[in-house]
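Single-structure report; data block below.
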Amino acid sequence: MRPILALCLALAAVPAHATVVTTNFSGTIDSASDTGNLFGGGSLAGDTLSATISYDTSQLNYNLQSGYEYYTGGGSNFLLSVSINGFTVNQTVSVSQIVAQSAGSDTEFNIDGFSPNPTIEFLLYALQPWVAGTINQPFELDSTRSQLVVVSDEAIFFHAAASETPVPEPASAFLLGTGLIALGVKRRRKAA
């Protein structure tokens with residue numbers, strides 16, 4: 001029991017830094033017309049949209065400009081995905097750019113996938129003010145604002161039904177699992 005507790009404390013003392021950040025979120029579509037028939041065709045207003053953004057921060061090139069920062073990269077370390085009506089468009093981006101900026105009261109988080117097609121582009125409004133250098137942290141959407149995602153020139157406006165759900169990095173998952181195992185061992189010893 002003591003070695004497990006010591007391991008838990010040691011891991012808790014070391015900050016967990018994930019290089020891969022994955023953000024899942026869902027929302028209700030305000031307006032969109034699926035003229036390209038990517039999501040079943042017709043008006044998508046009122047339908048549910050879910051999306052995933054995943055990128056490896058260790059594989060992105062960082063640039064800081066006045067008032068905003070941007071990251072460029074691509075390859076299998078960058079994934080954009082949008083699902084509507086059971087239809088899903090996935091894109092492993094070969095050329096991408098993330099731009100984060102705080103313009104007045106708006107904090108914009110732009111994610112552009114330039115290649116391959118279909119091109120997916122997110123223009124999202126984050127809940128909190130953007131802090132430079134925090135690309136390795138999942139962001140939360142401002143649920144009061146209409147968000148925008150463009151899939152192959154199809155503009156889809158939606159409101160987030162809930163805050164994004166960050167996927168825990170392996171270190172946090174391991175720490176939680178180790179803690180649960182320690183509790184199970186302690187209970188079993190008390191029962192004996």
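Across region 136-148, coupling constants 3J(HN,Hα) worked out from phi with the 6.51/-1.76/1.60 Karplus curve, θ = phi - 60°, read 8, 10, x, 9, 10, 7, 7, 5, 8, 9, 7, 8, 10 Hz, and Gly and Pro carry x. What is the local net charge at Asn85, summed over the other residues whose Cβ is closer than 14 Å to its Cβ (Lys, Arg +1; Asp, Glu -1)? Here the count lands on -3.
Add +1 for every Lys or Arg and -1 for every Asp or Glu among the other residues with Cβ under 14 Å from the Cβ of Gly73, and state the total.
Details: positive: none; negative: Asp56, Glu69, Asp112.
That sum, taken over residues with Cβ under 14 Å, equals -3.
Put simply, when 141-152, 60-71 are sorted by average Cβ atoms within 10 angstrom per residue, most first, you get 141-152, 60-71.
Read-outs throughout are calculated quantities, based only on the coordinates presented, and are distinct from any laboratory measurement. Since we're looking at a predicted model, the values are computed, not measured. Neighbour counts are summed over all protein chains in view; Cβ atoms, including those assigned to glycine, are modelled from backbone coordinates with ideal geometry.
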